[in-house]
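Have a look at the structure below before the remarks.
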Amino acid sequence: MSQSRPLVKDSISGADYFLRGFSLIRQPGIRTFVLIPLLVNFVLFAGAFYALLLQLDGLFAWLHQQIPSWLSWLDYLLWPIALLTILVVFSFLFSSVANWVAAPFNGLLAEKVEQQLTGQASAETGMLDIVKDVPRTFGREWKKLKYYLPKAIGCLILFLIPVVGQTLAPLLWFLFSAWMMAIQYVDYPFDNHKIDFITMRDALKQRRGKCLSFGALVTLFSAIPVVNLFVMPVAICGATAMWVDQYRDEQLGR
């Protein structure tokens, strides 16, 4: 029996863990803590989208002054295109901002999921504890950003290189995005146990394929407008399940 358990865990893909997050967010002991990241998402999305719509309305008012009246029918064509463009572009930028703002509550959600999966009670975390931990939490998000930016710039430069660069760039960008999604979400349970960023990153590299399949699915769902509002809590729950199965014993036994 002791030989079979690791094999079962190893057979679970990262994508399976992400999909498992959809069932975890509905668990009675977890649902309350899912609401906070969701509310953060909805408030940020609604506010930013409304501001963009106001700017768009001003832009179309300016266009009306520039084009003859017989072309006014273009409104019916340009408005849907503009709205779709905003939704698609905004979906790529939205998750990064939301993760920064909701980071303290994301860690709390990961803590509660781990507690439910392991059956081991952790110290109670109140609002005061969350507030006190905000500087350290944002410091951790800053480390992720410093890790992300140079590599993202390198990938974007590839898009400017004709033929070879432009052929490889989309694939490399998707793989890099998947890797960063894994780092972003699996890091929450690591950080809850005060495991430093470098150790976390090296641990994920040991199961790179599993992390990439997890991150690939998160990336795909994050690119779907409206659906991306629900990705963050689902990914946190799935990533915490992966932490419990794949990393917890070896990291806490160090």
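Can you find a residue that is open to solvent by 70 Å² or more (accessible area, probe 1.4 Å), at pLDDT 90 or above and more than 30 Å from GLN116 (Cβ to Cβ) anywhere in segment 175-198? For segment 175-198, residues open to solvent by 70 Å² or more (accessible area, probe 1.4 Å), at pLDDT 90 or above and more than 30 Å from GLN116 (Cβ to Cβ): present. Per the conditions (1) under 27 Å from GLY107 (Cβ atoms); (2) of a type in the set (A, V, I, L, M, F, W, C); (3) free of Cβ contacts under 8 Å to residues at least 40 places away in the same chain, the sole criterion not satisfied by PHE190 is (3). For segment 37-55, the set of residues classified as free of Cβ contacts under 8 Å to residues at least 40 places away in the same chain and among the aromatic types (Phe, Trp, Tyr) consists of TYR50 only.
Of all residues being open to solvent by 80 Å² or more (accessible area, probe 1.4 Å) and at negative phi in segment 151-164, which is nearest to the chain's Cα centre (by Cα)? Just the residue, please. By that ranking, first place goes to LYS151. Here ASP202 meets each of (1) over 16 Å from ASN106 (Cα atoms); (2) open to solvent by 70 Å² or more (accessible area, probe 1.4 Å) with one exception, condition (2).
Taking each residue of segment 128-142 that is closer than 16 Å to TYR188 by Cβ and looking for partners that are at pLDDT below 80 and open to solvent by 50 Å² or more (accessible area, probe 1.4 Å) with beta-carbon atoms closer than 7 Å, six or more apart or interchain, yields GLU141/TRP100.
The values are calculated or read from the model by the stated rules, or taken from the named source; none is laboratory data. Nothing here was measured: the structure is a model prediction, and the numbers come from that model. FYI the Cβ positions are ideal-geometry reconstructions off the backbone, even for glycines, and counts take in every protein chain you see. Ligands, DNA and RNA are excluded from the accessible area calculation, which covers all protein heavy atoms including side chains. Shrake-Rupley method; radii C 1.70, N 1.55, O 1.52, S 1.80 Å.
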